[in-house]
Amino acid sequence: MIGNGAPIARPIVRDPGSLQTRNTRPPVRSASPAVWSATVATTTGIGSASDELQGAPARVEYRVRAARITDVEALVALSGDRLADGASGSLGAADVLRQLVFLPHATVLVAESKRDIVGGAVLAIRPSVRAGGYVGVIDLLVVDPAGAPDAVSASLIEECLKSAGNKGCASVEAPQPEGPAELKRWKRQGFKDEQPVLRRAVDPAGRRR
């Protein structure tokens, strides 16, 4: 499920106008493998004549990387009630994330723009006899609605798929999304609706030529 987190304090676009995420273009890799960029359409513009014209697209640059301990609080804040709603154990969400950062059977990723956390994802790995190996589960996917949510979520999912393949997973699962718009996002990443979950096959690293 893709969640829109709580807006961060600082905007990540050069133009403070409202965003139309339906006009967001797909993510484009820059020269550095870790850096992504997306063009986001804005509806208003301010500034001098040298600034972008009103309605012109603003470019958002961000990078997806492995989370650090210092990112946990920001990721929890961005997730809002999404983590609290599903909590039933004795540990808080922040405590669990701190442990997952160091565990080999999990991957915690964050999307960062201008030192702000604008998205995050958690991939958990479990063995499965029926799958004939390991299965990755995208347990959490959250993005900042004030940025480029479609592009950031696509980047996070792609990195989760790569991590799952590197860890020897045969497939990756995700919970059923809440709405048809979110389902389309997952299907664009190659996921199929296999009730009660979404699933996509991946090429395990050990089987690659």
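Show which aspartates and glutamates lie in cross-link reach of Lys167 when reach means a straight Cα distance below 19 angstrom and same-chain residues fewer than eight apart are skipped.
Within the straight-line cut-off, Lys167 pairs with Asp139, Glu158, Glu159, Asp203.
Considering only the other residues whose Cβ falls under 14 Å of the Cβ of Ala66, what net charge follows from Lys and Arg at +1 and Asp and Glu at -1? Walk me through the intermediate numbers first.
Numbers: positive: Arg63, Arg65, Arg68, Arg98, Lys162, Lys167; negative: Asp71, Glu112, Glu159.
Charge balance in the 14 Å sphere: +3.
Determine, at each q value in 0.24, 0.25 (inverse angstroms), the log₁₀ of I(q)/I(0) that the Debye formula gives when each Cα of segment 99-185 is one equal point scatterer.
Values returned for q = 0.24, 0.25 Å⁻¹ are -1.20, -1.26.
Read-outs: derived from the displayed coordinates by stated rules, not from any lab. As the structure is a computational prediction, the values presented were derived from the model and not from experiment. We place every Cβ from the backbone using ideal geometry, glycine too, and count neighbours over all the protein chains shown.
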